[in-house]
Amino acid sequence: METVVKSDVILSVYVISFLIGLPANLVALYAFSVRIHSKPLPTDILLLNLTVSDLLFLIVLPLKMHEAASGMKWNLPHFLCSITSFTFFSTIYTSSLLLMAVSVVRYIGVAFPVTYHQLHKPVYAIVISAVIWLISAAHCSITFITQHHPSLANKNSSVCYEKFTEKQLEVLLPVRLEFFFVLCLIPLIICIYCYLRCILILYSRPRISWMQKQKAIGMALGTLAVFLICVVPYNVSHLLGYFQGKSPEWRYYTLLLSTFNTCIDPIIFYFSSSSFRCTGEKSIFRKRGHAPSERQGTSSG
């Protein structure tokens, strides 16, 4: 009975996320593509990559729906389990690293406008995005290792990337602990620092209107909320699971929060990009007609 309730809840969340997230991310993909073709900003390129990451997540979501509809049993070919797991988890961590990169770029744009102008070339954002994709893919290759390495593979399992053997856990739990610190905690700390600094700097600048400050600050807090609600809980399961010596059963429910992330991202980050585009650039440079010095940018913060 518990398994039926669990699978029904998971299936409902997957279906809702897919029906809302897919069209929303397609619209966001079009919007960011238009921006990049007209006058690309580093944040637009990073957010475009975030949208692509969400779409990849949504593409494999129907396979997870089939799994939930089958009572959390994997009845599809085993290689699809590996591909689905890899895509499912790598896109989660790609998102967290891209969120970190966006926060750093916005902080530089607000605090060090001269440096931001010098690093404004799209190639830098493209390189950063490529590195982030490589880092998340390299880390999440553990999904292939645990399922296909001769000494670890559990061919008798009827579930996909769940109910691990003792040998699998010996390898998987330390890797998950590293995930928590490197792919979650460090990006979160950087995001918090960058956005708090942005808020302090924006409040100290009289040339920026109150409405623009409120809008940009609201979007900064919204970004942090997405990180805290959709990314952190799942990664906390890695930390607790390491000390408990097992994969927590409630871990799957935290993944549902990450699934909802695909619905929230397009809304927050489309308007967030507009807010910081206006507040971080136009309002800073409009009065003087040129970029202020970095000393002016930092002394007010």
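The values are calculated or read from the model by the stated rules, or taken from the named source; none is laboratory data. All of these numbers come straight from a predicted model, not from anything done at the bench. Quick reminder, even Gly has a Cβ in these numbers, built from the backbone with ideal geometry, and neighbours come from all protein chains shown.
Quick notes on this structure:
- Pairs, first hydrophobic (A, V, I, L, M, F, W, C) in the stretch 55-66, second surrounded by fewer than 17 Cβ atoms within 10 Å (Cβ to Cβ) and not in a helix (DSSP H, G or I), C-beta under 9 Å, six or more apart: LEU63/LEU76
- Taking residues in the stretch 121-147 that are among the aromatic types (Phe, Trp, Tyr), and partners anywhere that are part of a helix (DSSP H, G or I), the pairs with Cβ atoms closer than 8 Å and at least 6 places apart or on different chains are TYR124/PRO42; TRP133/ASN49; TRP133/THR94; PHE144/SER82; PHE144/PHE86.
- Of residues in the stretch 148-173 being modelled with pLDDT of 85 or more and assigned to a helix (DSSP H, G or I), the one farthest from GLY241 (Cα to Cα): LYS167
- A single member of LEU257, LEU224, LEU202 is surrounded by 13 or more Cβ atoms within 10 Å (Cβ to Cβ), of a type in the set (A, V, I, L, M, F, W, C), in contact (Cβ under 8 Å) with a residue 60 or more places away in the chain and assigned to a helix (DSSP H, G or I), and it is LEU202.
- For the stretch 8-46, taking the residues that are polar (S, T, N, Q) and buried (at least 18 other Cβ atoms within 10 Å of the Cβ), the one that is modelled with the lowest pLDDT is identified as THR43.
- Long-range neighbours under 9 Å by Cβ, at least six apart or interchain, first residue more than 18 Å from LYS64 (Cβ to Cβ) and acidic (Asp, Glu) within the stretch 156-182, second modelled with pLDDT of 90 or more and part of a helix (DSSP H, G or I): GLU178/HIS139; GLU178/HIS238
- Close pairs from the stretch 6-35: first part of a helix (DSSP H, G or I), partner at pLDDT 85 or above and among the acidic types (Asp, Glu), Cβ under 7 Å, at least 6 apart: GLY21/ASP54; ASN25/ASP54; PHE32/ASP44; ARG35/ASP44
- Tally of residues being of a type outside the set (Ser, Thr, Tyr), touching a Leu at 6+ places or on another chain (Cβ under 9 Å) and over 17 Å from MET219 (Cα atoms) across the stretch 92-111: 2
- Taken over the stretch 166-199, residues that are of a type in the set (Ser, Thr, Tyr) and within 20 Å of ILE83 (Cα to Cα) amount to 0.
- Among residues of the stretch 54-87, those that are polar (S, T, N, Q), under 19 Å from VAL13 (Cα atoms) and not in a loop (DSSP other than H, G, I, E, B), counted: 3
- For the stretch 97-119, residues that are outside any helix (DSSP H, G or I) and either touching a strand residue (DSSP E or B) at 6+ places or on another chain (Cβ under 9 Å) or surrounded by fewer than 16 Cβ atoms within 10 Å (Cβ to Cβ) (or both) total 1.
- Complete set of residues in the stretch 156-189 that are crowded, with 19+ Cβ neighbours inside 10 Å and at positive phi: TYR161
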